[in-house]
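The values are calculated or read from the model by the stated rules, or taken from the named source; none is laboratory data. In this text, all values refer to a predicted model and were calculated from it rather than measured experimentally. FYI the Cβ positions are ideal-geometry reconstructions off the backbone, even for glycines, and counts take in every protein chain you see. Accessible surface is based on the protein model in full, side chains and every heavy atom, while ligands, DNA and RNA are left aside. Shrake-Rupley method; radii C 1.70, N 1.55, O 1.52, S 1.80 Å.
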Amino acid sequence: MKCPCESGKTFETCCEPYLTGKVLPETAEALMRSRYTAYTKGDIGFLKKTLAKESQSDFDEKSSQQWASQSEWHGLKVLSTKNGTPSDKTGTVEFVATYTQNGSKIEHHEVSKFKKNDKGEWRFLEGDSHVHKDGEGHHHHHHSTEPVVREGPKIGRNDPCPCGSGKKYKKCHGNWSPAG
């Protein structure tokens, strides 16, 4: 069976050894690909296990399971990587994951940050993401000709949502990440 991460390898020789714990991902990209595959397989335990220690308190297993199971996964495209090699301590991976949910085909575009823990194992730290409906493309926001001037303070993922719900921004009106 072809691996869901679209590496071109079979699942058995690509992400399955990571998901079963037989092998540890040697690069940030390998961890990111295996985390995508975990979403396609509904392996929420793997997703939680591969979070950086400081990111674990923000992880919502129930929401992650619901999102993973209610999505039809179409594919993953890695756009770029920065560092994240076996000799690095940190790495960044930019990718697009495509899925259908509630009848809409969605492209989830994310730049994810990874770091190695004290044991030298790659862990997901955080991601900056946004989504597009199918066909919108990614060109409209990457090369703005006008500088963006923020009218108010920046809202961080872990800040309270400004709508007043009492939830963190990322759990309320912020974008949700398949990597995290």
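Numerical summary
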read-out: Residues satisfying the stated conditions in segment 1-39, i.e. among the β-branched types (Val, Ile, Thr) and either buried (at least 20 other Cβ atoms within 10 Å of the Cβ) or modelled with pLDDT under 95 (or both); value: Thr37
read-out: Qualifying residues in segment 98-127 (those that are within 14 Å of the chain's Cα centre (by Cα) and polar (S, T, N, Q)) - the one most open to solvent (accessible area, probe 1.4 Å); value: Thr98
read-out: Hits in segment 73-97 (condition: under 13 Å from Ala38 (Cα atoms) and open to solvent by 40 Å² or more (accessible area, probe 1.4 Å)); value: Trp73
read-out: Pairs where the first residue, in segment 55-74, is over 14 Å from Asp43 (Cα atoms) and the second is basic (Lys, Arg) and not in a helix (DSSP H, G or I), C-beta under 8 Å, 6+ apart; value: Ser55/Arg123; Asp58/Arg157; Asp58/Lys168; His74/Lys105
